[in-house]
Amino acid sequence: MQENVNEGLSPRWAINGMGRIGRTLFRLLYEKGLSQNLVAVNDIMPKDNLIYLLKYDSIRGIFRAKFLQRRMAFSIDGHEIFYDQQAAISNLPWHTHAIDTVIEATGLFTHSTEASLHLSSGAKRVLLTTYGHDIPSSIWGINHQTIAQETRIISPGDCTLNCVAPLLYIFQKNLGIHSVHINVIQAYTTRQQLLDAPYKGFRRGRAASHSIVPFEVKITPELEHIFPALKTRIEAMSTRVPVPCGAIADLAIVFQNITDGQAINSMITKASREELRNITDITFDPIVSTDIIGNPHSSTVDGSLTRVTNGNHLRLLAWFDNEWGYANRLMDWLTVI
């Protein structure tokens with residue numbers, strides 16, 4: 001996909017859903033000087049509540065910008081952004097605002113028939129903020145260039161896929177992979193409960209701030225689509241822990257060829273400077289999860305913990321900020337669609 005020139009005109013963006021990812025992306029666009037391209041926002045929460053949550057964030061800190069409420073909008077440092085509170089996508093006025101790309105950040109409308117309602121409402125393209133039910137994931141730096149210019153709905157995967165897929169890409173290319181086991185140890189999310197409550201997945205209904213909560217994640221089919229040679233060779237799960245942000249992917253990989261820990265770290269270092277620059281990184285500092293907050297990479301390998309047993313069994317740990325790192329990949333997508 002080629003960079004969007006739009007005949008010299010600035011692209012016009014909208015965000016549907018101002019939860020953790022929507023608000024994090026909002027902050028990132030402002031930080032990068034791109035908030036002028038954001039012309040509309042939709043969420044069911046009251047406008048004053050949104051402004052409050054944008055301004056004061058328990059993880060990101062205080063947003064040092066000037067917010068003002070308007071009758072049908074709000075402004076940030078004088079730039080006015082239309083604000084709507086529609087629950088149904090079909091009621092959104094994307095025609096009126098000439099929206100080029102809408103970022104679908106509710107996490108709810110992930111089927112093509114649902115996401116396409118944004119197109120019917122006037123948007124030219126839809127960028128999801130997770131993997132889609134029937135839309136193949138396109139991971140930045142791995143297979144994003146295969147997206148055709150005419151593609152209208154793009155699924156960039158989720159934070160976990162963006163962490164893991166670049167690493168699998170490196171290892172499959174250099175060593176060949178026999179099998180992969182993934183455990184993503186991640187902060188709790190808004191879909192968990194503060195106190196024990198009924199939930200269709202019983203474990204997920206347990207109090208998030210009191211327990212380590214394991215459950216299955218559905219990234220295996222997405223990874224198998226990206227890496228067809230690994231079909232039936234990948235298992236994945238998630239373990240939610242009592243922290244508000246920050247994650248680490250614990251990968252156990254059996255290779256087809258012999259290697260060692262130094263060679264693994266050298267592969268990652270080389271890729272981080274070349275083909276996966278700004279996507280994958282490596283550190284040898286003894287960091288913890290709070291140290292990864294605000295890091296823009298999709299994954300940062302903890303090189304001091306890289307271990308290879310019997311010449312072909314790798315244990316690798318990769319840190320990522322599950323909000324900020326992913327928002328940076330969304331911003332990458334916005335530069336080319």
*In sequence order, calculated HN-Hα J values of the stretch 126-131 (Karplus, 6.51, -1.76, 1.60; Hz; x Gly/Pro)*: 10, 10, 6, 10, 6, 7
*May I ask for the net charge around residue 237, where only other residues with Cβ less than 12 Å from the Cβ of residue 237 are counted and Lys, Arg are +1 while Asp, Glu are -1?*
0
*Hey, what angle do you get for helix 324-334 against the long axis of the chain, alpha-carbon based, 0 to 90 degrees rounded to 10?*
60 degrees
_Antiparallel content of DSSP bridges confined to the chain, in %, to 5_ = 55 percent
*Treating the Cα atoms of the stretch 184-325 as identical point scatterers in vacuum, please give the log10 of the normalised Debye intensity I(q)/I(0) at q = 0.19, 0.21 Å⁻¹, two decimals.*
-1.24, -1.37
*When you take every Cα atom in the stretch 1-143, what is the radius of gyration, and what is Dmax, the widest Cα pair distance, in Å?*
15.0, 44
_the stretch 183-261: projected area of the alpha-carbon convex hull, averaged over directions, in nm²_ = 6.8 nm²
*Search the structure for amide H atoms under 5 Å from the amide H of residue 179, placed 1.01 Å from N in the peptide plane, and list their residues when 5 or more places away or on another chain.*
254
*Cβ-placed point charges (K, R +1; D, E -1), dipole of the chain about Cα centre in debye, nearest 20*: 480 debye
*Treat every Asp and Glu Cβ in the stretch 215-318 as -1 and every Lys and Arg Cβ as +1, leave all other atoms uncharged, and give the resulting dipole magnitude about the Cα centre to the nearest 20 debye.*
140 debye
*Which order do 267, 237, 18, 72 take by accessible area at a 1.4 Å probe, largest first?*
72, 237, 267, 18
_Run through the stretch 172-270 and list the chymotrypsin sites (Phe, Trp or Tyr not before Pro) located in a DSSP loop whose Cβ has at most 14 other Cβ atoms within 10 Å._
199
_Let's see if you can work this out: charge +1 on each Lys and Arg Cβ, -1 on each Asp and Glu Cβ, no other charges. What is the dipole magnitude of the stretch 137-232 about its Cα centre, in debye to the nearest 20?_
220 debye
_Sorted largest first, extent of the chain alpha carbons per principal axis (Å)_ = 66, 49, 36
*With unit charges on the beta carbon (Lys/Arg positive, Asp/Glu negative), name the residue among 195, 215, 243 whose Cα is farthest towards the positive pole of the charge dipole of the stretch 191-246.*
195
*When DSSP assigns beta bridges and you keep just the ones with both residues in the stretch 62-195, what percent turn out antiparallel, to the nearest 5?*
50 percent
*Local net charge near residue 69, Cβ-Cβ under 9 Å (Lys/Arg +1, Asp/Glu -1)*: +2
*From the square roots a ≥ b ≥ c of the eigenvalues of the alpha-carbon gyration tensor of the stretch 114-167, which class results: rounded (a/c under 1.5), prolate (a/b over b/c), or oblate?*
prolate
*Counting only the heavy atoms of the protein chains, how much of residue 77 is accessible to a 1.4 Å probe, in Å² to the nearest 10?*
80 Å²
*Would you tell me the accessible area of residue 270, worked out with a 1.4 angstrom probe on the heavy atoms of the protein chains, in Å² to the nearest 10?*
120 Å²
*Can you tell me the accessible area per residue over the chain, all protein chains present, probe 1.4 angstrom, in square angstrom?*
46 Å²
*Taking Cα atoms, how many degrees apart are the long axis of helix 261-273 and the longest axis of the chain, rounded to 10 and kept between 0 and 90?*
30 degrees
_What is the percent carbon and sulfur in the accessible area of the chain, measuring with a 1.4 Å probe over the protein chains and ignoring ligands?_
51 percent
*At a 1.4 Å probe radius, which order do 114, 235, 222 fall into by accessible area, largest first?*
235, 114, 222
*At a 1.4 Å probe radius, which order do 147, 15 fall into by accessible area, largest first?*
147, 15
*Starting from the Cα of residue 96, step 7 Å along the direction of its Cβ; do the same at residue 263; then give the gap between the two resulting points in nm.*
6.2 nm
*How high is the relative contact order of the chain, in percent, with contacts defined as C-alpha pairs under 8 Å that are six or more residues apart?*
16 percent
*asked:* Tell me the angle of helix 159-174 to the major Cα principal axis of the chain, expressed in degrees between 0 and 90 and rounded to the nearest ten.
replied: 40 degrees
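The values are calculated or read from the model by the stated rules, or taken from the named source; none is laboratory data. Predicted model, so just to flag it, every value in this text is computed and none were measured. Note: ideal-geometry Cβ built from the backbone for every residue, glycine included; neighbour counts use all protein chains shown. Quick note on the areas: whole protein, heavy atoms, side chains included, nothing else; ligands and nucleic acids left out. Shrake-Rupley method; radii C 1.70, N 1.55, O 1.52, S 1.80 Å.
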